[in-house]
Amino acid sequence: MTSEGSIEKGRFVGERGPVPISPATAHHEAGHAMACEHFGLGWVIHAPNDEENFMGQTQPVRLGPPLEGFTLEDAVVIAMSGWAAECHHLGNWEDPYVREGAEHDFIELDALDEERRDPVTERAKALVDVEWKRVKEIADDMLRRFG
């Protein structure tokens with residue numbers, strides 16, 4: 001991480017809140033960031049800014065020309081990779097929301113036709129499994145910064 005708070009294709013913005021960020025939140029946002037990188041996007045992770053320091057936000061950033069072939073399903077993979085990374089970290093695949101913050105990602109999933117939801121969710125889970133080391137790197141940096 002550089003002094004400006006950026007790592008490779010992404011950066012962190014904001015300040016440490018009154019309560020340390022949870023590892024679940026850090027892994028959730030790191031899952032989104034890793035998926036952005038997978039699709040050739042950069043990312044900005046905003047520090048949680050609610051009273052419980054609970055809800056972070058990852059914003060995809062286009063690094064160059066428009067992404068050819070990028071689809072709605074790819075965008076949903078980015079959304080669901082946050083949930084998948086959080087589940088992987090917690091070892092809990094039973095509750096689809098894990099915690100309240102993941103509910104927002106399911107809004108993206110609901111934009112897909114019903115028959116596409118499970119395959120896209122499985123893509124996100126597989127991506128997180130393959131890129132778990134990168135998810136951990138980003139989450140660890142986020143915890144150092146906001147934890």
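Readers should treat all values here as calculations from the given coordinates under stated rules, not as data from a laboratory. This one's a predicted model, so the numbers in the text were calculated from it and none came from an experiment. No Cβ is skipped: glycine too gets one built from the backbone with ideal geometry, and neighbour counts run over all protein chains shown.
Between Asp118 and Gln59, the modelled labels are 3.7 nm apart [label points 7 Å from Cα along Cα→Cβ].
Amide H contacts under 5 Å for Arg11: Trp43, Val44, Ile45, restricted to partners 5 or more places along the chain or on a different chain, H placed in the peptide plane at 1.01 Å from N.
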